[in-house]
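Undergrad: For reference, the structure I am asking about is given below.
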Amino acid sequence: IGWQIGADGTLWDCGGKFRVEGALKAGVFADCASSNLSITDLSTFAIEWQGKRQHTAFVGDLNVSGVYQLNSCWSLRAGYQLLWLEGIAVAGEQLSGISFNSSNATTDVAHGAFLHGATLSLERCW
């Protein structure tokens, strides 16, 4: 749950079949993360741990696309997208902060991710 603001539009258009579009979005969200760990064996050995945390998370998104209009309905879109996440719980990092002797353990939400890559799509408008 949160708020997002953004803008998108045409960055370059000479009136032909090709144009360049872009979009920028940013949001602040409530991150309700939880972690559970259970280790048991066939004897009486057992460890159980649970953690929860509510935290503020940030999401940023930027993309630029070149669009080629094939006809009045179809267009081919190719571009590049950047996605930034901050204040999130990452699964691989949860074990590093566990203290099995502590009753007030929390989920670690101090991580981020930066994802980027090329995009290619076929678009139909009607």
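Undergrad: (1) small (Gly, Ala, Ser); (2) open to solvent by 70 Å² or more (accessible area, probe 1.4 Å); (3) at pLDDT 75 or above; (4) over 30 Å from Cys14 (Cβ atoms): which one isn't true of Ser103, the others all being true?
TA: For Ser103, the failing item is (3).
Undergrad: Within the range 37-70, restricting attention to residues that are of a type in the set (S, T, N, Q) and at pLDDT 95 or above, which residue is least open to solvent (accessible area, probe 1.4 Å)? Let's see the steps before the verdict.
TA: If we filter the range 37-70 for residues that are of a type in the set (S, T, N, Q), which is where we start, we get 38, 40, 43-44, 50, 54, 56, 63, 65, 69.
Narrowing the set further to residues that are at pLDDT 95 or above leaves 63, 65, 69.
On the way: Asn63: 37, Ser65: 11, Gln69: 52 Å².
Residue satisfying both the conditions and the ranking: Ser65.
Undergrad: Failed condition for Gly15, given (1) open to solvent by 40 Å² or more (accessible area, probe 1.4 Å); (2) part of a strand (DSSP E or B), with all others met?
TA: All conditions pass for Gly15, except number (2).
Undergrad: Which members of the range 27-36 meet the condition of being of a type in the set (Gly, Ala, Ser) and surrounded by fewer than 15 Cβ atoms within 10 Å (Cβ to Cβ)? First the steps, then the outcome.
TA: Just the residues of the range 27-36 that are of a type in the set (Gly, Ala, Ser), to begin with: 27, 30, 33-35.
Passing the criteria: Gly27, Ala30, Ser34.
The values are calculated or read from the model by the stated rules, or taken from the named source; none is laboratory data. No experiment lies behind these values; they were computed from the predicted model shown. Note that each Cβ is placed from the backbone with ideal geometry, even for glycine, and that neighbours are counted across all protein chains shown. Remember, those area values only see protein heavy atoms, side chains included, never the ligands or the DNA or RNA. Shrake-Rupley method; radii C 1.70, N 1.55, O 1.52, S 1.80 Å.
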